[in-house]
Each structure stands twice: as structure tokens, then as C-alpha cells.
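Please read the structure below before turning to the comments.
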Amino acid sequence: METWPGLFLFLAVFSSLVLSYPNGEISMACKSMLPVHGISAPQNSPPPYFISVSSTAFNPGDEITVTLEALKDSSFKGFLLQAKTVGGDVAVGAFQIVSPNTQGLACDNIQNSSVSHSDRGNKQNISAIWVAPPDVSHVVFRATVLHNFTVFWTEIHSQILVSSSSQVSICSKEGCGVQKFCFSTPAGCDPHDSNCYFMSSEVLKSGGFKFEMSGLSDGYVAVGFSDDTIMGNDDIYICDKNASDHIEVQHAFSTGRTRPSRKPLGKVEILATSFNNGIIGCSFISRNTISTQSRAGDSLYYIFLTYGPTSAGLIRKHPRTPSITAQRVNIASYEIQGGTWFTPLIIKTHGALMLVAWMTTGSIGMVFARYLKSIKKTLLGKDVWFQIHFCMMLLTVLATAIAFILAFVARQGWSSGAETHAVIGCVVMILSFIQPLIAFCRPSPQNNRRFIFNWFHMLNALVIKVLADTNLFLGLQMLTSPNDWMIKTMGGFVSWEALIAITLDINLWLKKKEKCDDSQAKVKSEMLLVLIYLCGSLAFVIALLVGIGKN
């Protein structure tokens, strides 16, 4: 019985040596480009390897140096490298073997049409010289790389190489409106133009879509599929420069206004990528179901098209609001859509009106009604404090109503992703209309039930104010990240209001107790405090209005 452990160990070692093909003789993997281990699946994470080429243009007979390289702190033991036509599955051209730890393979009955390892030692990089064949317009180098026996990556690819005589483009206007859907900014622009941002989708008979996108960027271009015009719950494809300055395709999903979460590529076949003259381009086939969580499998979406910088292989915030289709579009149709960089002036106006309504006019009206009734002057037969209170609150209701309408006009109805903000906004709007209606029906000051109106009017105003300030916070979070200076400024304003309110209440209490008498003063203490409050509030409002304008 003692011999069994030793026998099992011998069989395990022998099997791994046989199945892992340490000498690189893997001609049986030419078609699938998959290891024949039969015990593991390829990794879904981004590969720590890349392929670089000495030229992206060629003529028949040209020699192109191809290098397969590991990122820093990584290595590989085995690999299989081929050149194939874009979208094809047959090896083309032949390699000249230059690295001592590599060898040529006869795939598709072409001598040295593929390159593999000749030993199982750790490698940082290998190079080979590819000789371009005739009658080939564009090719891409693909590789499968083994980190070890069970960990490997497939579908590692280079930039597209284009025959100088064919000038094949990754993205093209050809077929727009006839066989594919196209969306571009500016409208109708040519993808070869450095000022053009372009995407297209084409339904494939075999299922799925062929996507193309391009644009001038030193980081990434991206296309998103959304149920509305607000970022969040969107299915996204990104064409970006990775940490090694090579172009790759990412699949991601956004859950808010933070960096999208990366997803496995899934059923994605990358056809070609390029980075020429500052223009990033991608062409790929996706058979993944487009999903916005609320629904999946439909073809009607708002299309987002944007670009931005990258840092250490991670995408950063895009510098401007994405270009968005005017309505949901059918990506399976033969439409041509044009867009502009969507500057949401209506939404900015909505935010500005709400700030003015509940940080200036509304607050002023409330302050005068509570603290300045001691002003005994009249205007048009009514006390001055009442006239100011009435005008300020009327302006507040009008500004709120206009802002409320603008929000629905801009979003074309109810928008997912902003439910809490929208619900609170509706409540504020309803209570704001109730407030003046109740005021018009108030009993006279001598009526025994006047106190009921006074308490209801005061409490309703307090509820509206608290909800409005809460909604201002939520609205600013939709424009900026939670740690942004605008959120902190709004917090400073609320603290400033609380401080002044406490000070004014103390002053009012002292006067009622006759502990503070400023009847002989030219400017009463409460008026001085209100002036200080207005100056401070104005500073906060101006800062936030500038922030909204620049957002």
C-alpha cells in the first residue's frame, strides 16, 4: 500500500508533462488556438500580455517585426501566435524565427505560418518576423498565452495591419442608412475626420451586432446604451488605451455617475483596433444581450457617445457631457442619427431656478414673516414685512413651478436613475401650491381659529424648506461626485442658515423677556442680522450658480 502515493505522484507529473506540450509541438491547436490540456477554461480578466508590431501598413513581401510581451512583473511559459485576416480563421503569411526559444509550426499547410514556444521556461517577450503574403488586404495578429499549465488567456490581438494598396478602414460611413445604424457627432461627419466621433451597429445574420466606433482621444472612446438620458444603469463598450498604450475593448456597466464597473467581455469577438494620428478606433462583434437591468434584449435605446482620458489603464471622467440621441433609437435599424455634444442648458436652468427659489427668495420670505413683524411701516395698505413675504413666496412658487416643468421637458417624462430626487421634487411642488391656497383662505386675525392656520402655515413651510434643501443636495450629487466642492458648499449654506436662525431666535426671545432693548438704535438688531444673513447666502448662491454653469 505504501507504493500507491508514489505511483500517483509519478502519474500526475508524467501527465502534466505530456499534456502541457513543453516543447511547443501543438499543431493540433492551430484552428482553435486553445490548449489541449482539457482541464481549464481561459481567463476572463484583462490579459497581462500584448502584441506590438513594427508597422501597421504593409505591401506583399514586407517584413514586419511582431513582438509578444508580458507586462511588468509577469511572464509566460507557452504561447501560440498567428496572423489571420480580420474576421477570418485561417493563418496567413509566414514567420521568420529569430528568438532562440521559439519555433515555427505548419498551420493550414503553410510552413511557419504560426509560432510557438520551444521550451517551458519563463519568458518576458519573444519576437518573430512576419512576411506579408500577396492578396491580403488587412490582418491582425492573435495569440494564446499560457502563464502556467492551468492559467491562460486567449484572443490577445494586435492592432490591425492594412495593405497599403487597399487602405481598409476600421470605421466607415459606407452602408450607413442602407445596411447599418450610424450615429455621429457632428451630424454626418466622416470617421476619418479628426473632429468626428462615430459609432455604427449592424445586425449579423448569425446573430448579434457588429459595432464600430472611433474618435479623437488620448484615452478612450465609449458608446453606452441607456433607457434615459441620465448616466446610470447603462450597458457600455469602451475602446481604450491600456497601461501599455495598446488599444483594447472593454465591456462595462454603469451604476451611477462613478467609473463604470468592468464586466467580462463574454461573447465578444474583437475584429480590429487602431490608434492612428490620435484617433482611436475599434471594430468588434458582440453576441451579448444588451441589458440596462430594467430590461434586456430590446433594440430601442438612447445612445451615449463620449471620450475621455485614461490613467494607469483606468478610464477617467469624460471632459464634457456625452453626445446623446434625441430619442430612443433602434440599433437594428438602418437609420442615420446626428448629435451634438449635449449641453443640458434646460437642466442647468432647472437647477439654477431651484437654488434661487430655496436659497434666496424662499428663505427671505420666511425670515421676514418670522423675525421682522416688528417693522410697523405699511405699503399699499399692508405691513411692509407682509408685502415682502408675499412677493418673495410668490416668486418662489413661480420659480419652483417653472423649474419643475423644465425638468420634465428635458427628460421627456419620468427618468429612471433619479427617482428619489423626482419624488421629493413632486412633493415640494404640491406643498408649494397648497401654501398660497391656504393663505388666501386664512381667517381674520381676530378669529378664534386663526392659530390653526398659523401653525399649519408655519409647519408646512418648514417641511417644504427641509425637503427642498434635501433635494438640492440630491440634485448636486447628480451633477458632481459626492465629495465635490459643490456638495460641501451646500452643506456650508445649510449650516449658515441654521446659525442665523438660532441667533435670530435668541434675539427674539431676549426681546420678549425685555432683556434686550434696541428701540433707540437706528438699525434694529434683527434687521442687522438679516442683512448679514443675506450677504452670506448670496455668496453661497453665487458660488453654486457658477458651479452649475461650469459643470
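Bear in mind that the values in this text are calculations on the coordinates, not laboratory data. Keep in mind that this is a model prediction, so the values were computed, not measured. A quick note on method: Cβ atoms are made from the backbone with ideal geometry, for glycine too, and the neighbour counts reach across all protein chains shown.
Points worth noting:
- LYS465-PHE408 pseudo-label distance in nm [points 7 Å out on the Cα-to-Cβ vector]: 2.8
- Relative packing of peptides 373-384, 94-105 - highest average C-beta neighbours within 10 Å first: 94-105, 373-384
- Taking the Cα centre of the range 23-163 as origin and assigning +1 to Lys and Arg Cβ atoms and -1 to Asp and Glu Cβ atoms, the resulting dipole is close to 300 debye.
- Across all C-alpha atoms in the range 181-338, the radius of gyration and Dmax reach 14.1, 40 Å.
- Of all DSSP-defined beta bridges confined to the range 181-338, some 95% are antiparallel rather than parallel.
- Viscosity 1.002 mPa s, 20 °C: Kirkwood-radius Stokes-Einstein D of the range 263-306 over Cα pairs, µm²/s: 168
- Computed magnitude of the charge dipole of the range 345-550 (debye, nearest 20; Cβ of K, R +1, Cβ of D, E -1): 580
- Entry note, the chain: the mean residue ellipticity at 222 nm calculated from DSSP H runs of n ≥ 4, each adding -39500 (n - 2.57), is -11000 deg cm²/dmol after division by the residues and rounding to the nearest 500.
- The chain - charge dipole about Cα centre, Lys and Arg +1 at Cβ, Asp and Glu -1, debye rounded to 20: 3000
- Trypsin sites (Lys or Arg not before Pro) restricted to DSSP loop in the range 58-154 with at most 15 other C-beta within 10 Å: LYS72
- Full-stretch length increase - THR489, LEU204 - with 0.36 nm per residue and alpha-carbon distance subtracted: 97.4 nm
- Extending 7 Å from Cα along the Cβ direction at THR503 and again at ASN277 yields two label points whose distance is 6.3 nm.
- Given R0 = 22 Å, the distance between the Cβ atoms of LYS376 and LYS512 translates into a calculated FRET efficiency of 0.85.
- Surrounding net charge for PRO443, when Lys and Arg each add one and Asp and Glu each subtract one, Cβ distance under 13 Å: +3
- If you plug the beta carbon distance of ASP218 and ALA187 into 1/(1 + (r/R0)^6) with R0 = 22 Å, you get a FRET efficiency near 0.35.
- Local charge for ILE336 was computed over the other residues whose Cβ lies under 10 Å away, with Lys and Arg +1 and Asp and Glu -1, and equals +1.
- Panel values: the chain, Kirkwood radius from alpha carbon pairs, Stokes-Einstein at 20 °C and 1.002 mPa s, translational diffusion coefficient 75 µm²/s.
- Label-reachable residues, the range 76-91, where backbone N falls under 17 Å from a point 7 Å from GLN179's Cα toward its Cβ: 86-88
- Each Lys or Arg adds one and each Asp or Glu subtracts one; over the other residues with Cβ under 11 Å from the Cβ of LEU146, this totals +3.
- Exceeding the 21 Å Cα-Cα cut-off - candidates LYS465/LYS550; LYS241/LYS317; LYS31/LYS241; LYS84/LYS267; LYS84/LYS173; LYS31/LYS173: LYS465/LYS550; LYS31/LYS241; LYS84/LYS173; LYS31/LYS173
- Here's the picture: charge each Lys and Arg Cβ at +1 and each Asp and Glu Cβ at -1 in the chain, and of VAL66, ALA187, THR102 the one pushed furthest to the positive end of that dipole is ALA187.
- Residues of type lysines that LYS377 reaches as a straight line, Cα spacing below 25 Å, ignoring anything fewer than 8 places off in the same chain: LYS511, LYS512, LYS513, LYS515, LYS522, LYS524
- Zone residues, the range 484-515, relative to CYS535, backbone N less than 20 Å from point 7 Å out along Cα-to-Cβ: 492-505, 507
- Beta bridges per DSSP, both residues in the chain: antiparallel share near 95 percent.
- On full extension, the segment bounded by THR258 and ILE542 gains 99.6 nm, given 0.36 nm per residue less the C-alpha separation.
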